[in-house]
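J.: There's a structure below that I have some questions on.
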């Protein structure tokens, strides 16, 4: 029985003895109390229980993030943000959620009803499925595939399908425009995103998330962002592309409220709208967490052997840091136009990404192993590059528009 | 029949376009600045034609005016351009005063103190109006934060207006022959000094803010990408379409009524008229959205300059209202235009010697500027339409009247 | 040039289609033009170098009263180059309110003429797109006429409230 269960339900790769935390847990904790507990099926139960906890806990994240976004926005804009519900408005999102649950669930009569109902669930499910492969700490990872990052890329690509479904089935022209923009945007930005992930994979030579993190355990300078100048560039391409993936300013064209009202979710109301909303924030955290895992050391700390900025708290802090940067950009920058968005992707990011891959290959050939030398040279190049970029940017900033001299 | 079908199918094969989609933008849309409806004929994201439909805010200003006495019309002008209502009041009063002055039998003159108060308050109102334009333009382009910064400063201005006339938006402050004295402010009194101090405090606070906003939005590269070189309105086109004010100066025409046909006492003040110039190293072209926007940013500084000169001189003594029994202009007609924040606001008044006008026409600057939208927007993208509407800075209350 | 000089120039050019120069009333003096000639006069004013009236400030219809049998249409022109302005006035009978368009001379006249048509029912011949602009397309009557009676109902909605 347990054999069949393990074969049909569990990814084989995870059931190797000693590496599966669920089996460990069953062996160490449960077997001493209930000696007859079947190890294999027990591990399935334990995993399901953990998944249950996970699915229950992760949706709380958007609740916190929405509040954080509003508070951050308020700080940027000289306001206080929500202050009435709960102390300092901390229960505002909860109140909003309750309000949304009780709102009328309107379905456009001329729309495609099935797709309309299905779309939010597709998006919601996909954005949460991504969390399955993210290693929150050494112990907390739902499923440690050996193709983890590949799985994440695959799952997150399905989101665009949900967006198109939502836009099409709403039978609204604004929704359609929004979903088409979204399709073009997400499909385009998936390329530089994938290519920049590939640089990391080339250096680590593994697709497994925990192995990628494991290779960054030597303190801040072994984090993949500093391991070669190419990963340094790749990180920024990854981050900007992921902002585009999750449709946030300056790439929020699919839901640009000043142009196409609300884009693909114009016609949604009530809880279905809330699902889109939650999915957006879950996505934001997910891409930040992926970025942290791939480039910023994941759950590994700044110093080798110490837990500073390491472990689960460190991981969450680093991810939230990236989320904050996203919010910062959102409340500072205007929005790009469609052609500019595509230009940025196809004319800049994709060529640079290809160059990155080439460079990473060469780098890997020169420095077979990561040692002090390779990291030292890498950091030196990054340092020089940053100073150069600063000089160029400074020259550009000096050209900013002066008050025009009057003709009188 | 067959032949036509064949040709049609041939055309479809050769046509590089996709199907046309007709979308109604507005009247309820976040960035049409009110209730403008645009009928967009889209080819994907590209706009083949944007046809404006107006009239959703038509409140029959002209018909109402024919049945009201002159002072009663002033509150209606408030509701035309409700974000720069002081200037609308003034525009109407100036026209009526001009007609009253033409009457040889009466000696009519607006007192000096009233003139100073009018310029003080109207230039502050111009700042408020341009601030709103700046904020909403940022929001149209996608930056939300400038909007709230602009409203924060505008709020202080509205408080200043409230202190002098008791209203925040529709003032009815400038009256025919002077200004209203609902909240008394004796010449040389503590009240007056306090008020002028508050104005000065605001100016000291606000002047550095303009540079801050320029750093925040004007110099932002995404913003300039979106607006520079977009929807270029040439000089001829601007004049032909009757674009006035910042839109005209944004097209490179050096024309400002305050300087070139000075009314009231504008000739006593020293200020510059910002005119758009090509800035090749940035990519700004005369007549594009960015130029129009930038003129407004620069005009705020000029307004600050004028108000500072008034504060330095101090308000003169004397009454704030000309002495007259009733407003009864002589038989005749007048067209008078003044420089409102959105351009030249003209009032055409026909009087038959009775206390009620026969005809009042408000020539609104937005109405003329908006008519250029159809030609400007051809071949641009949906996002550019928003950029154009924001840059010509329309207020639908004034377009529809 | 002041309006009087412009009047003399127009008299020289157009002869008796220029009907008069009205300076008696208070306010702006206006030059009266025969309705049929208005487009030609405007064209001349806009395109002659010494006049160069390149901007049409305002175009408005006027109805002086219920007893009056005529509409006036008033053109306020201004030249940004020479910085002078002039007022043209033309009167047309109410029963046959037709006037040649000037929208090909100044583009802003397009909407101004539509507005005048909308509110006065003055038809501008040659206008490419003479539709109602401020009122709904199916509105009946022309509200700024002095003899206008407002309808009781518009699409089942009560109008006077």
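The values are calculated or read from the model by the stated rules, or taken from the named source; none is laboratory data. The structure displayed is predicted, hence computed values, not measured ones. Using ideal geometry, Cβ is built from the backbone for each residue, glycine included, and neighbour counts are taken over all protein chains shown.
J.: How many residues are assigned to a helix (DSSP H, G or I) and either touching a residue at least 24 places away in the same chain (Cβ under 8 Å) or touching a strand residue (DSSP E or B) at 6+ places or on another chain (Cβ under 6 Å) (or both) when one looks only at the range C:98-114?
T.: If we filter the range C:98-114 for residues that are assigned to a helix (DSSP H, G or I), which is where we start, we get C:109-114.
Restricting the remaining residues to those that are either touching a residue at least 24 places away in the same chain (Cβ under 8 Å) or touching a strand residue (DSSP E or B) at 6+ places or on another chain (Cβ under 6 Å) (or both) gives C:109, C:112-113.
Going through the range C:98-114 one residue at a time, the tally reaches 3.
J.: Okay, moving on. Which one is surrounded by the most Cβ atoms within 10 Å (Cβ to Cβ) among residues in the range A:253-275 that are outside any helix (DSSP H, G or I) and either without any contact (Cβ under 8 Å) to a residue 60 or more places away in the chain or more than 14 Å from every other protein chain (Cβ to nearest Cβ) (or both)? So that I can check it myself, show each step before the final result.
T.: Applying the first criterion (outside any helix (DSSP H, G or I)) to the range A:253-275 yields A:256, A:261-262, A:266-269.
Next, only the ones that are either without any contact (Cβ under 8 Å) to a residue 60 or more places away in the chain or more than 14 Å from every other protein chain (Cβ to nearest Cβ) (or both) stay: A:267-269.
Details: A:267: 22, A:268: 24, A:269: 15.
Filtering first and then ranking leaves A:268.
J.: In the range A:102-155, which residues are in a loop (DSSP other than H, G, I, E, B) and more than 24 Å from residue A:217 (Cβ to Cβ)?
T.: The answer is A:103, A:104, A:105, A:106, A:107, A:108, A:109, A:110, A:111, A:112.
J.: Yes or no: residue A:291 closer than 30 Å to residue B:226 by Cβ, in a helix (DSSP H, G or I) and more than 14 Å from chain B (Cβ to nearest Cβ)?
T.: Working: closer than 30 Å to residue B:226 by Cβ: yes; in a helix (DSSP H, G or I): yes; more than 14 Å from chain B (Cβ to nearest Cβ): yes.
Yes; evaluated as a whole, the condition is true for this residue.
J.: Specify which of the listed residues (A:238, A:221, A:232, A:226) is modelled with pLDDT of 90 or more and assigned by TED's automatic domain parsing to the domain that holds residue A:178. Even if it seems obvious, please write down each step before you answer.
T.: On the way: A:221 fails: modelled with pLDDT of 90 or more; A:232 fails: modelled with pLDDT of 90 or more; A:226 fails: modelled with pLDDT of 90 or more.
Selected residue: A:238, the only one of A:238, A:221, A:232, A:226 that is modelled with pLDDT of 90 or more and assigned by TED's automatic domain parsing to the domain that holds residue A:178.
J.: Quick one: in the range B:376-390, which of the residues that are within 9 Å of another protein chain (Cβ to nearest Cβ) and over 15 Å from residue B:42 (Cα atoms) is surrounded by the most Cβ atoms within 10 Å (Cβ to Cβ)?
T.: From the range B:376-390, those within 9 Å of another protein chain (Cβ to nearest Cβ) are B:381-387, B:390; that's our starting set.
With over 15 Å from residue B:42 (Cα atoms) added as a condition, the list becomes B:387, B:390.
Values: B:387: 28, B:390: 25.
Only one residue tops the list, namely B:387.
J.: Let me ask something else. In the range B:311-330, how many residues are more than 20 Å from residue B:184 (Cβ to Cβ), away from every other protein chain (no Cβ under 14 Å) and at pLDDT 80 or above?
T.: 3
J.: Report yes if some residue within the range A:111-119 is surrounded by 19 or more Cβ atoms within 10 Å (Cβ to Cβ) and either in contact with a helix residue (DSSP H, G or I) (Cβ under 7 Å, 6 or more places away or on another chain) or modelled with pLDDT under 85 (or both); otherwise report no. Show your work before the answer.
T.: Of all residues in the range A:111-119, those surrounded by 19 or more Cβ atoms within 10 Å (Cβ to Cβ) come to A:116, A:119.
Checking which are either in contact with a helix residue (DSSP H, G or I) (Cβ under 7 Å, 6 or more places away or on another chain) or modelled with pLDDT under 85 (or both) leaves us with A:116, A:119.
Within the range A:111-119 (the criterion being surrounded by 19 or more Cβ atoms within 10 Å (Cβ to Cβ) and either in contact with a helix residue (DSSP H, G or I) (Cβ under 7 Å, 6 or more places away or on another chain) or modelled with pLDDT under 85 (or both)), the answer is yes, since at least one residue qualifies.
J.: Here's another thing I want to ask about it. Among the residues of the range C:58-81, which ones are within 14 Å of another protein chain (Cβ to nearest Cβ) and surrounded by fewer than 16 Cβ atoms within 10 Å (Cβ to Cβ)? It would help to see each step written out before you state the result.
T.: Filtering the range C:58-81 down to residues within 14 Å of another protein chain (Cβ to nearest Cβ) leaves C:58-68, C:70-81.
If the condition is that a residue be within 14 Å of another protein chain (Cβ to nearest Cβ) and surrounded by fewer than 16 Cβ atoms within 10 Å (Cβ to Cβ), then C:65, C:66, C:67, C:68, C:70, C:81 are the ones that fit.
J.: Ok, one more. Name the pairs: first residue in the range A:310-321 and outside any helix (DSSP H, G or I), second residue buried (at least 18 other Cβ atoms within 10 Å of the Cβ), Cβ to Cβ under 7 Å, at least 6 apart or on different chains?
T.: A:310/A:299; A:310/A:300; A:310/A:301
J.: Looking at B:319, B:355, which is the one that is assigned to a loop (DSSP other than H, G, I, E, B), over 19 Å from the mean Cα position of the chain (by Cα) and under 30 Å from residue C:88 (Cα atoms)?
T.: Exactly one of B:319, B:355 is assigned to a loop (DSSP other than H, G, I, E, B), over 19 Å from the mean Cα position of the chain (by Cα) and under 30 Å from residue C:88 (Cα atoms), namely B:355.
J.: Please give the helices (runs of 4 or more DSSP H) falling wholly within the range A:156-241 in which 1 or more residues are out of contact with any helix residue (DSSP H, G or I) (no Cβ under 7 Å at 6 or more places or on another chain). Let's see the steps before the verdict.
T.: Values: elements: A:173-204, A:209-214, A:224-227.
Helices (runs of 4 or more DSSP H) meeting the threshold: A:173-204, A:209-214.
J.: Using the structure shown, decide if residue C:10 is in a loop (DSSP other than H, G, I, E, B), buried (at least 16 other Cβ atoms within 10 Å of the Cβ) and more than 14 Å from every other protein chain (Cβ to nearest Cβ). Walk me through it before giving the result.
T.: Values: in a loop (DSSP other than H, G, I, E, B): no; buried (at least 16 other Cβ atoms within 10 Å of the Cβ): yes; more than 14 Å from every other protein chain (Cβ to nearest Cβ): yes.
Against the criterion (in a loop (DSSP other than H, G, I, E, B), buried (at least 16 other Cβ atoms within 10 Å of the Cβ) and more than 14 Å from every other protein chain (Cβ to nearest Cβ)), residue C:10 does not qualify.
J.: In the range B:59-77, is there at least one residue being within 10 Å of chain C (Cβ to nearest Cβ), more than 21 Å from residue C:143 (Cα to Cα) and in contact with a strand residue (DSSP E or B) (Cβ under 9 Å, 6 or more places away or on another chain)?
T.: There is no residue in the range B:59-77 that is within 10 Å of chain C (Cβ to nearest Cβ), more than 21 Å from residue C:143 (Cα to Cα) and in contact with a strand residue (DSSP E or B) (Cβ under 9 Å, 6 or more places away or on another chain).
J.: Being more than 14 Å from every other protein chain (Cβ to nearest Cβ), more than 23 Å from the chain's Cα centre (by Cα) and modelled with pLDDT of 90 or more is the requirement here; does residue B:191 meet it?
T.: Numbers: more than 14 Å from every other protein chain (Cβ to nearest Cβ): yes; more than 23 Å from the chain's Cα centre (by Cα): yes; modelled with pLDDT of 90 or more: no.
Judged against the criteria, residue B:191 is not a match.
J.: When you look at residue C:22, is it in contact (Cβ under 8 Å) with a residue 24 or more places away in the chain, over 14 Å from the mean Cα position of the chain (by Cα) and at the interface with another protein chain (Cβ under 8 Å from one of its Cβ atoms), yes or no?
T.: Values: in contact (Cβ under 8 Å) with a residue 24 or more places away in the chain: yes; over 14 Å from the mean Cα position of the chain (by Cα): yes; at the interface with another protein chain (Cβ under 8 Å from one of its Cβ atoms): no.
It is false that residue C:22 is in contact (Cβ under 8 Å) with a residue 24 or more places away in the chain, over 14 Å from the mean Cα position of the chain (by Cα) and at the interface with another protein chain (Cβ under 8 Å from one of its Cβ atoms).
J.: Filtering the range C:32-57 down to residues that are in contact with a helix residue (DSSP H, G or I) (Cβ under 7 Å, 6 or more places away or on another chain) and facing another protein chain (nearest Cβ under 10 Å), which residue is nearest to residue B:350 (Cα to Cα)?
T.: Restricting to residues being in contact with a helix residue (DSSP H, G or I) (Cβ under 7 Å, 6 or more places away or on another chain) and facing another protein chain (nearest Cβ under 10 Å), the top hit is C:56.
J.: Taking the range B:341-364 as the search range and keeping residues that are out of contact with any strand residue (DSSP E or B) (no Cβ under 8 Å at 6 or more places or on another chain) and buried (at least 23 other Cβ atoms within 10 Å of the Cβ), which one is farthest from residue B:128 (Cα to Cα)?
T.: Our first condition is that a residue be out of contact with any strand residue (DSSP E or B) (no Cβ under 8 Å at 6 or more places or on another chain); within the range B:341-364, this holds for B:341-343, B:353-356.
This time we only want the ones that are buried (at least 23 other Cβ atoms within 10 Å of the Cβ), so: B:341-343.
Values: B:341: 9, B:342: 12, B:343: 15 Å.
Step by step, filter the range B:341-364, then rank; the result is B:343.
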